[in-house]
Amino acid sequence: MNGSRVVWRKGGTTLAAVTVAAALALTGCSYLHVKPTEKYVYVTSKEALLRDRVAAVSNRTGTVTNGEKLVVLEQARLWVKVKSPNGEIGWVQKKDVADQALAEQFIELGEKHAKDPIVASAVARDEVVLHISPGRKSDSFYRLAEGDPVSLLARATVEKPVTPGPSPKPGAKPGEAGAVAEPMMEDWWLVRNAKGDTGWMYSRMMDVSAPDTLVRYAEGQRIVGAYLIAKVDDPDSGVLNNGVAVTSIPEYVTVLAPYKAGLPYDFDQVRVFTWNTKMHRYETAFREHGMEGYLPVKISNSLADHMPEFTYHVLAADAPTPVPDSKGELKPARTIAKTYRLEGNVCKRVLPPGVQAPAEAKAPMETKAPAKKKK
């Protein structure tokens with residue numbers, strides 16, 4: 001019957017019915033079976049082992065690393081059988097992998113911010129994971145090793161998870177025992193590594209890239225970003241790099257902020273460090289503080305005389321202090337662009353002729369709690 005044709009005759013009219021498909025279905029021909037769509041999972045742990053079976057005693061069949069795409073072969077309650085890109089097959093724990101949906105969220109996040117400007121650079125302080133959104137409880141996927149460089153794209157501030165404790169006392173005033181404490185905040189940064197992997201990273205797990213020679217001039221402030229603006233020649237600088245004398249000394253624009261999370265601005269201080277060729281040391285050529293500043297800082301050259309310039313944005317005086325949105329991101333209503341030109345060791349404000357500098361908002365002073373008196 002396979003491949004046959006059956007003909008019926010009725011009233012002189014011939015009705016032909018081709019039964020090839022039905023016959024093949026009855027005989028179970030394999031080439032008509034629809035191949036199921038392959039499912040994938042992605043490795044989220046630093047490294048995971050593949051096992052030949054789910055048992056207390058098993059043999060290792062392979063190793064997979066963070067970010068690898070694995071083909072799903074079989075599912076169990078806490079395990080999944082997979083095939084690695086190298087063809088290794090084995091069982092891996094579900095806690096070490098993420099499904100296709102989460103991977104696509106991270107891919108979409110990377111594509112959305114692929115053209116975002118880099119506002120600063122940093123390195124991972126320790127092994128750390130990248131999250132899909134700001135917050136410790138959000139899903140994680142990519143993993144960074146200690147010392148991995150990252151580019152900072154945007155900052156967000158969210159509430160820190162509260163440690164369970166005694167219930168607040170009704171009617172207690174702020175500062176009294178049992179009073180409701182103000183929520184603690186923590187900062188997160190949207191980062192991108194050298195491979196283009198993008199995600200949110202806890203700010204305390206990174207160190208902003210800044211020359212060690214400038215860190216000692218921070219005066220207890222946190223350096224948010226350091227940007228090369230010019231270089232000066234000094235054959236007698238006395239600076240060594242791996243035993244080799246450095247004669248071309250970089251000069252920097254830096255932005256700083258207090259060591260506090262949840263601030264409504266990115267920085268409140270700007271300092272320009274130039275090199276003194278006579279004293280062979282860094283000196284402060286420009287300093288401004290008390291503003292509510294926002295990244296990025298732009299470095300350029302003036303079109304007229306090709307002198308180095310830097311531009312940053314501050315909150316306008318008539319604009320309200322921004323508060324984090326539902327995603328924790330700060331979006332100031334109106335900012336003022338301030339441009340300065342570096343002329344030798346002097347910074348001068350750049351304004352169009354006849355234009356007066358607009359009023360700016362002032363950042364509140366961050367005061368320390370008074371020390372308790374000793375008995």
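The values are calculated or read from the model by the stated rules, or taken from the named source; none is laboratory data. All values reported here derive from a predicted model rather than from experimental measurement. Neighbour counts are summed over all protein chains in view; Cβ atoms, including those assigned to glycine, are modelled from backbone coordinates with ideal geometry. Heads up: the accessible areas ignore ligands, DNA and RNA and are worked out on the full protein's heavy atoms, side chains in. Shrake-Rupley method; radii C 1.70, N 1.55, O 1.52, S 1.80 Å.
What the table shows:
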read-out	value
Paramagnetic label zone (point 7 Å from Cα along Cα-to-C-beta, Q75; backbone N under 19 Å) in segment 93-134	93-105
Cα shape, segment 202-248, gyration tensor, a/c 1.5 rule	prolate
Whole-angstrom Cα spans of segment 51-94 along principal axes, big to small	26, 20, 17
Debye intensity ratio in log₁₀ form over the Cα atoms of segment 285-324, taken at each q of 0.16, 0.25, 0.26, 0.33 Å⁻¹	-0.58, -0.96, -0.99, -1.16
Within the accessible area of segment 65-147 (1.4 Å probe), percent carbon and sulfur	47
Packing-based order for 271-284, 118-131, 75-88, using average beta carbon neighbours within 10 Å, highest first	118-131, 271-284, 75-88
Protection proxy ranking of 56-62, 346-352, 334-340 - average other beta-carbon atoms within 10 Å, highest first	334-340, 346-352, 56-62
Segment N59-V162, extension gain: residue separation times 0.36 nm, minus the distance between their alpha carbons	32.8 nm
Vicinal HN-Hα couplings computed from phi for segment 114-127 (Karplus, 6.51 cos²θ - 1.76 cosθ + 1.60; Hz; Gly/Pro x)	5, 9, 5, x, 7, 9, 5, 10, 7, 10, 5, 6, 8, 5
Too-long pairs where the Cα-Cα distance tops 21 Å, listed order kept, from K95/K160; K115/K362; K260/K331	K95/K160; K115/K362
Segment 314-362, Rg to Rh (Cα coordinates; Rh as Kirkwood inverse mean 1/r)	1.13
Alpha-carbon centroid distance for the pair segment 242-290 / segment 299-342, whole angstrom	18
Relative contact order (percent, whole number), segment 178-225, Cα cutoff 8 Å, 6+ residue spacing	25
Size-normalised alpha-carbon gyration radius of segment 174-321, reference 2.2 N^0.38 Å	1.29
Rel. contact order, % - alpha carbon contacts under 8 angstrom, at least six apart, segment 198-348	15
Global geometry of segment 237-375, whether rounded, prolate or oblate, following the gyration tensor of its Cα atoms and the 1.5 cut on a/c	oblate
Length gained when the stretch D207-R349 is fully extended (0.36 nm per residue, less Cα-Cα span)	48.0 nm
Segment 190-196 - phi-based ³J(HN,Hα) in whole Hz, Karplus 6.51/-1.76/1.60, Gly and Pro as x	7, 10, 9, 8, 5, 7, x
Projected area averaged over orientations for segment 217-288, convex hull of C-alpha atoms, nm²	5.7
